[in-house]
Amino acid sequence: MTARHIPWLFVAGFAIVIAVNATMIWLAVGSFSGLYTTRPRDRGLHYNEVIAEQQHRDQLGWRIETQWRPEAKRLELALFDAAGRPLAPSHLSAELVRPVEKRQPLDVTLAATDVGRFAATVELPERGNWDLDIRVERDGERYAVTRRMFLR
């Protein structure tokens, strides 16, 4: 190797670094939009309503405990009112959402196992972080919460 090749080695090295970085940027931008909702502008315009709903939810004092049993692929929920008593809702729904993918939410069909306790067997398409969106209704009151869980 002669001295005239040394500048070309630097150029080749920088070209490799630029090509790798460009590929990583292209993959990152193409794989996740960064948007969690389909209409982020509308949600932003109604942000004060979201805050009021959260304050009302906090005033209810309801509590939801979640547990994932990976060996049985079983999701368990326990609902409690402000006094710590089991809460029997008139309506309960839940769905699992992958926070890093654009895919349809996975509906979870919960069955009552006791007063205020529910369970469902869930076949996950893949392991990882999931957001569990839970909605509870009772006596005209609505309560919604999202829990981030690592499910395997």
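Every number in this text was worked out from the coordinates using simple rules, so none of it is lab data. Since the model is a prediction, treat every value here as computed from it, not as a measurement. As a convention, Cβ positions derive from the backbone with ideal geometry for all residues, glycine included, and neighbour counts pool all protein chains shown.
Here are some notes:
- For residue 142, net neighbour charge (Lys/Arg +1, Asp/Glu -1) across residues whose Cβ lies under 14 Å away: -4
- Taking every C-alpha pair closer than 8 Å and separated by at least 6 residues, the mean separation divided by the residue count of the chain gives a relative contact order of 18 percent.
- Dipole check for the range 61-151: with +1 at the C-beta of Lys and Arg, -1 at the C-beta of Asp and Glu, and the Cα centre as origin, the magnitude is about 200 Debye.
- Prolate/oblate/rounded label for the range 40-104 (Cα gyration tensor, a/c 1.5): oblate
- Between helix 47-60 and the chain: long-axis angle, C-alpha atoms, 0 to 90°, nearest 10: 40 degrees
- The range 23-115: GluC sites (Glu not before Pro) in DSSP loop, at most 15 other beta carbons within 10 Å: 71, 101
- Global geometry of the chain, whether rounded, prolate or oblate, following the gyration tensor of its Cα atoms and the 1.5 cut on a/c: prolate
- Considering only 15, 94, 119, the mean-square fluctuation computed in a Gaussian network model of the chain, springs between alpha carbons under 10 angstrom, is largest for 15.
- Charge-dipole axis of the chain as Lys and Arg at +1 and Asp and Glu at -1 on Cβ define it, positive-most pick from 129, 2, 97: 2
- Principal-axis tilt of helix 6-31 within the chain, Cα atoms, nearest 10 degrees: 20 degrees
- Per-selection Kirkwood Rh - the range 61-151 (Cα, Å, 1 d.p.): 13.6 Å
- Candidates 20, 115, 97, ranked by Gaussian network fluctuation over the chain, Cα under 10 Å, top entry: 20
- Cβ-Cβ FRET estimate between residue 45 and residue 73, R0 fixed at 41 Å, reported to 0.05: 0.55
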